[in-house]
Amino acid sequence: MMNTTAIRAIITGTTGMVGEGVLHECLQHPHVGAVLIINRKPLGLSHPKLTEIIHTDFFDLSAIESRLKGYNACFFCLGVSSVGMKKQDYYRFTYTLTMNFAETLSRLNTEMDFCYISGAGTDSSEKGRSNWARVKGKTENDLMKLPFRQAYAFRPGFIKPTKGLTKTHKFYKYISWLFPLGRALYPDGFCTLKELGLAMIESVSKGYPKKVISGKDIIKLAKEAS
């Protein structure tokens, strides 16, 4: 299903590595006409396509609802690590927050495509031993029940950062040497941040038959976009 209109995208999580990388690709891409980012603190970036809303409570969007209308894509890149977090807190910040945001957008924008950054190893059955994987799986499953035009769950593994961006996790500079070897041996688990951003744009532009998009799908979509 090809989307012939210009992409007007809402992006969350742009103060993090993945969100910053997706935003970077959107601002450069000719098919993206406008971008709205929603952050708890200013990103400090200016661009003709870019609008920013500062909003601290993602569990209550009522104050900004009127500004969320008129968009046809959401690239949801906001997320937290489960490491050291209580199960109930991880559930609240992964499932509850995401669903509140998505339910609001699906009500305001009936022609929207929703792209959710999940992760390799996510448990679609919601019954496995890993709590984070079960919560991610439930989030994916319930997002796909909402009345979006399309909803996609992206499951990248190791992500190679985009050179020159500022939100890259420090440990990546110590492990980036693994990428060429990992990509050669296990391409489904290794993609670049550029490929991830392009794949999300391509899925909104032209559609994709799979709703759960793995590393190999990300690479394929990115090639089709370039």
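The values are calculated or read from the model by the stated rules, or taken from the named source; none is laboratory data. Because the structure is predicted, anything quoted here is derived from the model rather than measured. With ideal geometry, Cβ positions are generated from the backbone for all residues, glycine too; neighbour counts draw on all protein chains shown. Please note that ligands, DNA and RNA were not included when accessible areas were found on the heavy atoms of the full protein model with its side chains. Shrake-Rupley method; radii C 1.70, N 1.55, O 1.52, S 1.80 Å.
Taking each DSSP H run with n ≥ 4 as -39500 (n - 2.57) and averaging over every residue of the chain yields -10000 deg cm²/dmol at 222 nm.
Over the Cα atoms of region 25-84, Rg to Rh with Kirkwood Rh, two decimal places?
Numbers: Rg = 13.2 Å, Rh = 13.4 Å.
In region 25-84, Rg relative to Rh is 0.99.
Treating each Cα of region 112-226 as an identical point scatterer and summing with the Debye formula, the log10 of I(q)/I(0) at q = 0.17 Å⁻¹ comes to -0.88.
Put simply, the Cα atoms of region 53-103 extend 38, 21, 19 Å along their principal axes, the longest span coming first.
What accessible area per residue, rounded to a whole number of Å², is obtained for the chain using a probe radius of 1.4 Å?
Numbers: 11000 Å² over 226 residues.
Here the residues of the chain average 49 Å² of exposed surface.
Selection among Gln88, Gly137, Ser176 by position relative to the dipole of region 72-226 gives Ser176 as farthest towards the positive end (Cβ unit charges, Cα centre). Taking one quarter of the surface of the convex hull spanned by the alpha-carbon atoms of region 99-150 gives a direction-averaged projected area of 3.5 nm².
Using +1 on the beta carbon of Lys and Arg, -1 on that of Asp and Glu, and nothing else charged, what's the dipole of the chain about the Cα centre, debye to 20?
On the way: 31 positive and 19 negative charges, 106 e Å.
That gives the chain a dipole magnitude of about 500 debye.
Placing one equal scatterer on every Cα of region 58-171 and applying the Debye formula, the log10 ratio I(q)/I(0) at q = 0.24 Å⁻¹ is -1.35. All other residues whose Cβ lies under 11 angstrom from that of Lys160 are scored, Lys and Arg at +1 and Asp and Glu at -1, for a net of +2. Which entries of Lys49/Lys69; Lys49/Lys194; Lys41/Lys211 have Cα-Cα distances beyond 26 Å here? Result: Lys41/Lys211 exceed 26 Å. Starting from one equal scatterer on each C-alpha and no solvent at all, send me the Debye-based log10 I(q)/I(0) for region 22-125 at q = 0.10, 0.18 Å⁻¹, two decimals. So the normalised log intensities are -0.32, -1.03. When the alpha carbon gyration tensor of region 1-42 is reduced to an equivalent ellipsoid, its three semi-axes come out at 21, 10, 8 angstrom, largest first. Scaled against 2.2 N^0.38 Å for its residue count N, the alpha carbon radius of gyration of region 159-226 is 1.16.
How would you order 204-211, 35-42, 11-18 from highest to lowest mean count of nearby Cβ atoms within 10 Å? Working shown, then result.
Numbers: 204-211: 15.6, 35-42: 17.4, 11-18: 22.0.
Put in order of decreasing packing, that is 11-18, 35-42, 204-211.
Electrostatic tally near Ala34: other residues with Cβ closer than 14 Å to its Cβ, Lys and Arg +1, Asp and Glu -1, net +3.
Over region 88-129, the pair-distance histogram of Cα-Cα distances with 10 Å bins from zero comes to 22, 47, 27, 4 percent, rounded to whole numbers.
Less than 20 Å apart at the alpha-carbon level, and either on another chain or at least 8 residues along: which aspartates and glutamates does that give for Lys173? Counting by Cα, and skipping residues close in sequence, Lys173 has these aspartates and glutamates nearby: Glu20, Glu195.
Under 14 Å from the Cβ of Leu78, count the other residues' Cβ atoms, weight Lys and Arg +1, Asp and Glu -1, and hand me the total.
Numbers: positive: Arg40, Lys41, Arg92, Lys136, Lys167; negative: Glu20, Asp57.
Spelling it out: positives minus negatives among the neighbours equals +3.
Scaled against the 2.2 N^0.38 Å expected of a compact globular protein of N residues, the Cα radius of gyration of the chain reads 0.96.
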